[in-house]
Amino acid sequence: MNLPIFTAAASEAAEKVAETATDTALVEGAILLGVATLFVLIFRRLGLGAVLGYLIAGALVGPHGFGLVGGGESKLAFAELGIAFLLFLVGLELSPRRLWDMRRAIFGLGLAQVVITGLILTALIHLTLGFSPAASLALGLPLALSSTAQVLPGLKSSGRINSPFGEKAFSILLFQDLAIVPMITIVAVLSRAPANPSAPPGWQMAFFTVWAIIVLVLAGRFVVNPLLRIVGRYGERELFVVVGLLTILASAALMHSLHLSTALGAFIAGVMLADSPYRHEIESDVEPFRLILLGLFFLAVGMVLDVGAVMERPLLVVALALGLVAVKVVVLTLIVKAFGKSWQAALGLGLLLSQGGEFGFLLFAQAADALLIEPEAASLFSAVVTLSMVTTPFLMLFARNLEFAPGSDEPDLDDPEGAPRGSAIVVGYGRFGQIVSQMLHGVACSVTLIDKKPSQIELSSRFDTKVYFGDGLRVDLLRRAGAEEARLIIFCIDDASVDAAVLKPIVEAFPNAKILMRVFDRRQMLAVDGSGVDGVIREVFESSVALGLTALRHLDVDPAEMDDVEATLRHLDETRLRAQLDEGDLSAGMDHRFKPGGGREADSILEKYRRKRLAAKAAREENETMGLESGS
């Protein structure tokens, strides 16, 4: 008789616990997002980037701050999915062939950085802090890692991930991700704790890594790509979102089940889809999830910062954090220089990768579980890593300037400050900018040419063309080039990452100049919408129309019919683009295009152009007839 009563009471208690947990999650979520929004806006306004805002917001509301939100470790474990999403998107931009071309940088420069930096830090920790050799190694190797979650978003958003500088940085970060497996193995070998029968031995983890990579490669080619082709036939955008999320989560789950890096699994999945025709669609659909999860990741990093450990020995923690940054800058600069880069680029990479990495938290915790270090030491060095991350936004500003500085082995490159003041400034003197500038020269318009590629500048000088060196997206450089007096500023750069956020400061700084922009496709046109530029041209659209007309000509299509088709296509495209800009959705206006078999909207507009052409022809014939009759 008592069993039903007991069961009902237990059920009621469970419901109350679940309801309380839901209420807590909602309140904590609102607090996290509210405080994060405030601090990110403040730090964006100060020009210090969003990452620092997230870190400080997390530290303030976390259990070691005001205690408004708890469970930093659990949130950090979930938010690490943001790193997996980031690596997946980076993988989408690296085809297997290009990744193979980077093998020397990955396994040469990356290996040298991890081994040399790790051993130097190990020796310094042993000599200065008195840790045992095993403990020093368990601390020094993780400190050699850098923050993928901090460095890659900046490189990707600025379009520098595909530059030589960005490739070197990415190669080092990718090898660091691969190095997590041997680091876990080293800590396990040095462990003083009783052996864990459930933990796989090192050789088995290495075997699992190779096996998992093979499985992901095969799944990408024979499962995901065919699935995307099926989804593409239906044209449903939400299905692309589902497939993208499924790919990331499945690859991350596979690697996690094998005690491997989830981010590495997501990266391999992205590389396997890099040659897919649906790559851009997946990229645009997954990007919002990446932004949210990475923001949550940095909030969680701030939450797990042991403020008490910092306050107990503030000078020691700050000194260790600054020492870590200084050592990594010096060591990495020397290593990169030894690999043939200029001093400026080497120092830029050293500054960019000088912080501690997020995987340090995992490895410090494992070292504590292995009884190699005390939990207090794990907290201390976790705080050191977090504080080193705080320095990154500041050091990135210097690294960006050094990235575009010409090396000593490069030709003398002139700053545009000494350029004669022209009516137009053309930024980017590649295949597109050369044609634009020639047309301006054709009407005797004085032009100042700017490019940031020394090789392109050197090549142009052979053809008696003066091109000035610099990053034309920087307001200060444009001001030195005379943008305040120019009538036109034309961006002809091949950088699909340029968006409204990049262009707005330029539009506001030079209100007297008309600003024109070359974009690659309609996706980038949507990205620059709202920036205030005066004109945007899609490169691929005009060249595609020209090739399409050539194709129709080879099919012996009547020239008048070709004119009607071109006019209809332009009308449909303009209508569709207007709908996409209004709704901010790439899938808007799907009916305004030619489809197999015609399409109702396209056929209707094409028929209107035909009737208009026939009516005009009939009117001309009638006028000619009347003219003949009156002449007779």
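The values are calculated or read from the model by the stated rules, or taken from the named source; none is laboratory data. None of the values given here were measured: they were computed from a predicted structure. As a convention, Cβ positions derive from the backbone with ideal geometry for all residues, glycine included, and neighbour counts pool all protein chains shown. Just so you know, the surface numbers come from the protein's heavy atoms only, side chains and all, with ligands and any DNA or RNA stripped out. Shrake-Rupley method; radii C 1.70, N 1.55, O 1.52, S 1.80 Å.
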Can you spot a residue in the range 140-151 that is under 26 Å from LEU324 (Cα atoms), touching a His at 6+ places or on another chain (Cβ under 9 Å) and at pLDDT 75 or above?
-> yes
Tell me, please, whether a residue that is closer than 30 Å to ALA30 by Cβ, of a type in the set (Asp, Glu) and either open to solvent by less than 60 Å² (accessible area, probe 1.4 Å) or modelled with pLDDT of 80 or more (or both) can be found in the range 266-282.
-> no
Exception for PRO420 within (1) more than 25 Å from LEU152 (Cα to Cα); (2) touching a residue at least 60 places away in the same chain (Cβ under 8 Å); (3) surrounded by fewer than 18 Cβ atoms within 10 Å (Cβ to Cβ) falls at (2)
Residue in the range 262-310 that is nearest to the chain's Cα centre (by Cα), counting only those that are closer than 25 Å to THR386 by Cα and not in a helix (DSSP H, G or I) = LEU305
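Here's the yes/no breakdown for (1) modelled with pLDDT of 80 or more; (2) among the hydrophobic types (A, V, I, L, M, F, W, C); (3) in contact with a Gly (Cβ under 8 Å, 6 or more places away or on another chain):
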site	(1), (2), (3)
PRO393	no, no, yes
ARG400	no, no, yes
ASP415	no, no, yes
ALA419	no, yes, yes
SER423	yes, no, no
VAL427	yes, yes, yes
ILE435	yes, yes, no
SER461	no, no, no
THR465	yes, no, no
Looking at (1) farther than 30 Å from ARG221 by Cβ; (2) crowded, with 18+ Cβ neighbours inside 10 Å, which is the one condition that is false for LEU294?
-> (1)
Could you list all residues from the range 363-382 that are assigned to a helix (DSSP H, G or I), surrounded by fewer than 24 Cβ atoms within 10 Å (Cβ to Cβ) and in contact (Cβ under 8 Å) with a residue 12 or more places away in the chain?
-> LEU363, ALA365, GLN366, ASP369, GLU376, ALA377, SER379, LEU380, SER382
Those residues of the range 58-80 which are at pLDDT below 75, within 25 Å of LEU291 (Cβ to Cβ) and open to solvent by 20 Å² or more (accessible area, probe 1.4 Å) amount to GLY65, GLY70, GLY71, GLU73, SER74, LYS75, ALA77, PHE78, GLU80
Quick one: count up the residues across the range 210-237 that are at pLDDT 75 or above and either outside any helix (DSSP H, G or I) or not hydrophobic (A, V, I, L, M, F, W, C) (or both).
-> 5
Is it true that GLY244 is in a helix (DSSP H, G or I) and surrounded by 15 or more Cβ atoms within 10 Å (Cβ to Cβ)?
-> yes
Qualifying strands (runs of 3 or more DSSP E) (wholly inside the range 478-545; at least 1 residues being closer than 23 Å to LEU577 by Cβ and open to solvent by 70 Å² or more (accessible area, probe 1.4 Å)) = 514-519, 535-538
Out of all the residues in the range 331-344, which are over 20 Å from PRO393 (Cβ atoms) and assigned to a helix (DSSP H, G or I)?
-> VAL331, LEU334, ILE335, VAL336, LYS337, ALA338, TRP343, GLN344
A careful count of residues in the range 96-112 that are under 23 Å from the mean Cα position of the chain (by Cα) and open to solvent by less than 80 Å² (accessible area, probe 1.4 Å) gives 8
Of the residues in the range 436-479, those that are in contact (Cβ under 8 Å) with a residue 40 or more places away in the chain and within 22 Å of ALA345 (Cβ to Cβ) number 12
Can you work out which of the residues in the range 438-466 that are polar (S, T, N, Q) and either assigned to a loop (DSSP other than H, G, I, E, B) or open to solvent by 60 Å² or more (accessible area, probe 1.4 Å) (or both) is farthest from PRO164 (Cα to Cα)?
-> SER446
Pick from the range 548-578, criterion among the β-branched types (Val, Ile, Thr) and touching a residue at least 24 places away in the same chain (Cβ under 8 Å), ranking: nearest to ARG523 (Cα to Cα) | THR568
ALA30: modelled with pLDDT of 70 or more, part of a helix (DSSP H, G or I) and crowded, with 17+ Cβ neighbours inside 10 Å, yes or no?
-> no
Considering residues of the range 352-362 that are modelled with pLDDT under 85 and in a helix (DSSP H, G or I) only, the residue most open to solvent (accessible area, probe 1.4 Å) = LEU362
